[in-house]
Structure formats: C-alpha cells, structure tokens
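The values are calculated or read from the model by the stated rules, or taken from the named source; none is laboratory data. Since we're looking at a predicted model, the values are computed, not measured. Cβ coordinates were reconstructed from backbone atoms using ideal geometry, including for glycine residues, and neighbour counts include every protein chain displayed. These accessible areas exclude ligands, DNA and RNA; they are computed on the full protein's heavy atoms, side chains included. Shrake-Rupley method; radii C 1.70, N 1.55, O 1.52, S 1.80 Å.
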Amino acid sequence: DFETFHAEFRSFSILFLRSSITEVGTTYTKVNFSMSIYIDKIKTDNKEVLEQIKVAKLQIMCGIEEIIKEYRKPDSRYSHKALAEAIYHSFDHPEASKVIIEDLFSEEFERIFSAITLLAFAEKFPRDKVTRDVVNKFFEILTGDFNTTLKNHAILAIGRYGNTDDDDASRLERIVEEKKYLTKKKFWKWLSESALLDDIKITIKKLKRKK
C-alpha cells in the first residue's frame, strides 16, 4: 500500500543520503573545506544522518587519522557506527585498512562481521595487509560457532586471499571431510550442509586453478 511504499522509500532515501555524506567526507578530506559548508546545509531529523554529518566534517577538517583516533576511544563523543562507516569507506588507506584487520580479530561480533564482509567483497583492499595470520582467521571463522552468513564470507575471503603455497585447497578438503564447517546451531544445520558445502567446493576449485 501507499504507506508501506512511502516508509520504504524514505528508508532508502536516508540510506542513500548517509552513503552520499560518507562519500563526501572521504573524497574531500583535507582538500576542500568548503564542502563542510555544503554538508551543514543538509536538513534532517534523522539521528544517524546527523551523526554522520558530524563525522564527515571531522574527516574533511582533520583527515582519516582523526577518525581512527576517535574510533579507538571507548568514550568518543562521535557515533561509533558513523566512525566505522567512514573508516570502512576509506579501506584503501593504509591506516584504515589496518583498523579493519584489527576489527577482524576483535571479540565483538559486529566488528568481525564488518571486517570479514569487506574483505570478502572489496577487490581493492591492500593485499599486503592480508597476512597468513589473517587467512588463518578466515579458516577459524569457517570452522567456528558462527552463523552461515559469516562462514560464507569467510569462504569467499579464503578464495580471494588463499594461496597454493600453503595448500589452502587441501585444508578446505579436510574441513569438508571432517564436516568442521557445520555450525553447532541446529537451526542453521540444513543451510550449512547445502549452501556452505557448495561454496567450499567452488572455492577449492578456484584455489587449485591458481597453481
């Protein structure tokens, strides 16, 4: 109905606006301070957008380094979510990519999820930051007690960053043989046995083609 359409459209509009604000903050960092004036002209009552505006202005004025400094503070006056979006949008920056790897090894689920998702799909992430320890973390997520979405992203990341020298294909084959990819949560078991297994087999073939 119209009310549902209007609510969905408004939600999409806010999402698009938030993405645009992050883009502006990243693109014009330490380049064009007049862009902060442009951001000030945005009128909204949405709290998340307002927080993102504050972070975008900080990035324009002080650079990604200041964003990272605030992100690492346990009591930052800025929204943690808005700071994270700014950092992840700048993933090709040396310091930002370092933070993303730190998040992968975090004990907080949201940080792990954000990091593994970006590593699974971002084609231009700095490969020098993806060490053997990072790849081992992908395997740890795949065989750990995580949901199927996280495991799927770990498989994609292994396919992207795994190599033949460490015989990651054989490692995946052993995981399949021993069914270590299954989650302990019974609700997800049928998904694990089908979708995850298919994805692992595709990744094994992809790794073997790298030889």
Going through the stretch 104-123 in order, the residues found to be closer than 16 Å to Pro94 by Cα and in contact with a Phe, Trp or Tyr (Cβ under 8 Å, 6 or more places away or on another chain) are Leu118, Leu119, Ala122
Scanning the stretch 99-127 residue by residue, the ones that are open to solvent by less than 90 Å² (accessible area, probe 1.4 Å) and not in a helix (DSSP H, G or I) total 4
Only unsatisfied item for Lys180, checking (1) modelled with pLDDT of 85 or more; (2) closer than 24 Å to Leu118 by Cβ; (3) in contact with a helix residue (DSSP H, G or I) (Cβ under 8 Å, 6 or more places away or on another chain), is (2)
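Residues Asn136, Asn163: which one is at pLDDT 95 or above, out of contact with any helix residue (DSSP H, G or I) (no Cβ under 6 Å at 6 or more places or on another chain) and either surrounded by 13 or more Cβ atoms within 10 Å (Cβ to Cβ) or not hydroxyl-bearing (Ser, Thr, Tyr) (or both)? I'd like the intermediate steps shown before the answer.
On the way: Asn163 fails: at pLDDT 95 or above.
When all the criteria are applied, what remains is Asn136.
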Residues of the stretch 67-94 being modelled with pLDDT under 95 and assigned to a helix (DSSP H, G or I), in sequence order, are Ile67, His80, Lys81, Ala82, Leu83, Ala84, Glu85, Ala86, Ile87, Tyr88, His89, Pro94
